[in-house]
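Q: Okay, handing you the structure first.
The values are calculated or read from the model by the stated rules, or taken from the named source; none is laboratory data. Note that the coordinates shown come from a computational prediction; the quantities given were computed from them, not determined experimentally. Quick reminder, even Gly has a Cβ in these numbers, built from the backbone with ideal geometry, and neighbours come from all protein chains shown.
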Amino acid sequence: MVIDLRSDTVTRPPPAMREAMARAAVGDDVYGEDPTAKALEARAAAILGKEAALFVSSGTMGNQIALLLHCRPGDAVVIGEDAHCMLYESGAGAGIAGVQFTVAGRGGLFDVEELEAALYPSAAYYMPRTRAVALENTHNRAGGAVWDPAVARAVAERARERGLATHLDGARIWNAAAALGTSAAALAAPFDTVSACLSKGLGAPVGSVLAGSAAAIVEARRMRKMLGGAMRQVGILCAAGLYALEHHVARIGEDHVHARRFAEGIAGAPGVTIELARVATNIVLFDVDDAPAFVERVAARGVLLSAFGPRTIRAVTHLDVSAADVEAAAAAVREVAEA
Ligand SMILES: Cc1ncc(COP(=O)(O)O)c(C=O)c1O
């Protein structure tokens, strides 16, 4: 049996989720007639504390619709270093919304001062117009780092004072909320829009939601159609999302316990550098001499990890990984390190 820690996107829908999908009441969602899509969107809006939500095919689509909503071509969007919406969305920010990104601070998270330093002066018409700020919580490249809620709120408030729109890439907002012992709605509250993934820690096969004001979501529905993301009997997919919201949000803290066990299990192995204090959620980053070669040797022992850079490796815990799996995975890493 392979233990797959490459990502929390590798989960397979459990039987009860598949049953919910099979039983789903459906209709043509482009005609606004899919009851399960409507139910998911209402539930997601409630959980995220927004007036309305829209089911979208992916986190990427959620982020890109947000950029389209908030910006015009030529505008600048302030992000943290290595933000998913800049690095891992095939250049869509530039290619579709026509925006350019300005990086604030270092390491993915930033504060009010770093936001200020990243803004173009609004009086300078010959410079890009900074129109929006997008935070990522948890931050993937920063190893599942969680924003201090007070800092995130202060950044969003300052952005609003400066006339900027605010978007939260909450692909893993469920992890952030669990780590902080708060609600997703509390973390989303300071932002105009929030995207949240159903297909990562929550284990649905497909989909994300974009939530915001009722007016923003009316417009987002149009943008989704423009992008080819309007689907017909989509309730089959939304049923999985509803099941995930119902059954998999409350358990997500288990993934954090497993991530910590894995991290503690590999700490001290020869040639492995890991900062245990940085393991906050379900993502573990550690360094070795040669990440791709190390990943290959661990894979030969039935444990899949991701080379995240020349020296950095990422391991992610999720619904399909047990406590025994993370112990076995840590043992495999130690064996390779000691070999
Ligand atoms: C922080 C973050 N945002 C957005 C996404 C995009 O999600 P998707 O793969 O569904 O497009 C991901 C995916 O890994 C992510 O980690």
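Q: Check region 307-317 and report whether any residue there is crowded, with 22+ Cβ neighbours inside 10 Å and under 22 Å from VAL206 (Cβ atoms).
A: Scanning region 307-317 turns up at least one residue that is crowded, with 22+ Cβ neighbours inside 10 Å and under 22 Å from VAL206 (Cβ atoms).
Q: May I ask you to verify whether ALA267 is out of contact with any His (no Cβ under 8 Å at 6 or more places or on another chain) and either away from the ligand (no atom under 16 Å from the Cβ) or β-branched (Val, Ile, Thr) (or both)?
A: Here the answer is yes, as ALA267 does meet what is asked.
Q: Inspect all residues belonging to region 243-265 and state whether any of them is at pLDDT below 95 and more than 30 Å from VAL26 (Cα to Cα).
A: Scanning region 243-265 turns up no residue that is at pLDDT below 95 and more than 30 Å from VAL26 (Cα to Cα).
Q: Go through region 62-76 and report how many residues are within 15 Å of the ligand (Cβ to nearest atom) and touching a Ser or Thr at 6+ places or on another chain (Cβ under 7 Å).
A: 3
For (1) on the phi > 0 side of the Ramachandran plot; (2) over 18 Å from the mean Cα position of the chain (by Cα); (3) surrounded by fewer than 22 Cβ atoms within 10 Å (Cβ to Cβ), each residue gets a yes or a no:
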site	(1), (2), (3)
GLY207	yes, no, no
SER213	no, yes, yes
ILE217	no, yes, no
ALA220	no, yes, no
LEU227	no, yes, yes
LEU237	no, yes, no
GLU246	no, yes, yes
ARG251	no, no, yes
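Q: With out of contact with any helix residue (DSSP H, G or I) (no Cβ under 9 Å at 6 or more places or on another chain) and at pLDDT 95 or above as the only criterion, which of TYR125, TYR120, TYR88 stands out?
A: TYR120
Q: I'd like to verify a number: residues in region 107-118 that are under 19 Å from the mean Cα position of the chain (by Cα) and either closer than 24 Å to GLU161 by Cβ or aromatic (Phe, Trp, Tyr) (or both), how many?
A: Final tally of qualifying residues: 3.
Q: Of all residues being crowded, with 22+ Cβ neighbours inside 10 Å and within 16 Å of the ligand (Cβ to nearest atom) in region 43-61, which is nearest to TYR243 (Cα to Cα)? Just the residue, please.
A: Across region 43-61, the extreme among qualifying residues is ALA44.
Q: Specify the residue that is nearest to VAL257 (Cα to Cα); the eligible residues are those in region 280-311 that are in contact with a helix residue (DSSP H, G or I) (Cβ under 6 Å, 6 or more places away or on another chain) and part of a strand (DSSP E or B).
A: VAL284
Q: Identify the residue in region 178-190 that is over 15 Å from ALA46 (Cα atoms) and among the hydrophobic types (A, V, I, L, M, F, W, C) and, among all such residues, is surrounded by the most Cβ atoms within 10 Å (Cβ to Cβ).
A: ALA178
Q: Tally time: how many residues in region 266-290 are surrounded by fewer than 18 Cβ atoms within 10 Å (Cβ to Cβ) and touching a residue at least 12 places away in the same chain (Cβ under 8 Å)?
A: Of the residues in that region, 8 qualify.
Q: Turning to a different aspect of this structure: Inspect all residues belonging to region 27-49 and state whether any of them is closer than 30 Å to THR312 by Cβ and free of Cβ contacts under 8 Å to residues at least 40 places away in the same chain.
A: no
Q: Of all residues in region 15-40, which are assigned to a loop (DSSP other than H, G, I, E, B) and surrounded by fewer than 16 Cβ atoms within 10 Å (Cβ to Cβ)?
A: ALA25, ASP28, GLY32, GLU33
Q: Listed residues ALA315, ALA324, ALA280; which is farther than 17 Å from VAL10 by Cα and touching a strand residue (DSSP E or B) at 6+ places or on another chain (Cβ under 9 Å)?
A: Just one listed residue meets the conditions, ALA280.
Q: Sort through ALA293, ALA315, ALA337 and tell me the only one that's more than 23 Å from ASP255 (Cα to Cα) and in contact (Cβ under 8 Å) with a residue 40 or more places away in the chain.
A: Step by step, each of ALA293, ALA315, ALA337 is checked, and only ALA337 is more than 23 Å from ASP255 (Cα to Cα) and in contact (Cβ under 8 Å) with a residue 40 or more places away in the chain.
Q: Against the definition (more than 14 Å from the ligand (Cβ to nearest atom) and more than 15 Å from the chain's Cα centre (by Cα)), how does GLY93 come out, yes or no?
A: So GLY93 does not fit the description; no.
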